[in-house]
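Visitor: Provided herewith is a single structure, encoded as structure tokens, for subsequent inquiry.
Coordinate-derived values only; no laboratory data. Please read these numbers as outputs of a predicted model, since none were measured by experiment. Note: ideal-geometry Cβ built from the backbone for every residue, glycine included; neighbour counts use all protein chains shown.
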Amino acid sequence: MPINLTLVPQLIPHAQYLEHLDGASTSSEDTVRLFACLSLARLHPDVTTWAAAAESPNMPGPMGVRCARACSATMLISADEWKSRIWRAGEETESRDYRATEAKIHHRLGMTRWFNEWARRNRPDARYGDHDLALTWQWVHVAHAHFDLSPVWRGSRPTARDRSRYRHFEASLVDRQQLALATALHKRA
């Protein structure tokens, strides 16, 4: 039975990366996590190119080709060992429809009620613009999707300032706030 592509996130979750993929390549963590998902997508019989593997979870095809070239050139393990590791990482990744999670985050782009409720309970000092940062946090940590493709950027690449603001927001969240932000995605918008 072919792999169900809706169950493959854009990036393998961080925990599965640490457990199965760390040390498999000298590429960055995000590149390896992306390459793992592209590799899982390539296990589907209809996905025959790296571009098609990227397009299956709604990423630009050239992004998949660039990632595959970069990661393939820096692999420290055999192709068979890589396949075994990505398969184990995929089996341990939560089985849910990641395209539906991504769509839910897209849907909340113009909505602030959910964020205001979360901020009132968990982050009373939230500032204007934190809504977009919170959505991006959900995109990265709940949907396990690529930071550069967050709907908040509206099709543009994030700037260095955007990246810095996000890193600061992400680092400022304590465990309780992260849990509440993750569960806020499943509440009414």
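Visitor: Using a Gaussian network for the chain with springs between C-alpha atoms less than 10 Å apart, which of these wobbles most: Thr136, Thr49, Thr159?
Guide: Maximum among the listed residues: Thr159.
Visitor: Let me ask something additional. Report the residue, chosen from Ala143, Ala41, Ala24, that carries the largest GNM mean-square fluctuation when the chain is represented by alpha-carbon nodes joined by springs under 10 Å.
Guide: For the chain, modelled as a Gaussian network with Cα springs under 10 Å, the answer is Ala24.
Visitor: For the charge dipole of the chain, defined by +1 on Lys and Arg C-beta atoms and -1 on Asp and Glu C-beta atoms about the Cα centroid, which residue among Val8, Leu18, His141 has the Cα displaced farthest towards the positive pole?
Guide: Most positive-ward Cα: His141.
Visitor: Also: How long are the semi-axes of the equivalent ellipsoid of segment 93-158, defined as square roots of 5 times the Cα gyration tensor eigenvalues? Whole Å, largest first.
Guide: Those come to 21, 15, 10 Å.
Visitor: Only loop residues by DSSP count here, and only those with at most 12 other Cβ atoms within 10 Å; note down the trypsin sites (Lys or Arg not before Pro) in segment 128-166 that meet that.
Guide: Within segment 128-166, the qualifying trypsin sites (Lys or Arg not before Pro) (loop, at most 12 other Cβ atoms within 10 Å) are Arg154.
Visitor: Gaussian network model of the chain, Cα springs within a sub-10 Å range: biggest mean-square fluctuation belongs to which of Ala51, Ala79, Ala36?
Guide: Highest fluctuation of the listed residues: Ala79.
Visitor: Stokes-Einstein diffusion coefficient for segment 79-189 at 37 °C in a medium of 0.692 mPa s, Rh from the Kirkwood formula over Cα pairs: what value in µm²/s?
Guide: Roughly 217 µm²/s, to the nearest whole number.
Visitor: I need the fraction of alpha carbon pairs in segment 5-92 separated by more than 23 Å, rounded to a whole percent.
Guide: Value for segment 5-92: 10 percent of Cα pairs lie more than 23 Å apart.
Visitor: If you find the alpha carbon centre of segment 115-189 and of segment 8-75, how far apart are they in angstrom?
Guide: About 24 Å separates the Cα centre of segment 115-189 from the one of segment 8-75.
Visitor: Let me ask something else. How high is the relative contact order of segment 5-92? Use alpha-carbon pairs under 8 Å, at least six apart in sequence, and give a whole percent.
Guide: Over segment 5-92, the number comes to 38 percent.
Visitor: Can you compute the helix-only [θ] at 222 nm over the chain? Use -39500 (n - 2.57) per DSSP H run of at least 4 residues, normalise by all residues, nearest 500 deg cm²/dmol.
Guide: -16000 deg cm²/dmol
Visitor: Let a ≥ b ≥ c be the square roots of the eigenvalues of the Cα gyration tensor of the chain; is it rounded (a/c under 1.5), or, if not, prolate (a/b larger than b/c) or oblate?
Guide: prolate
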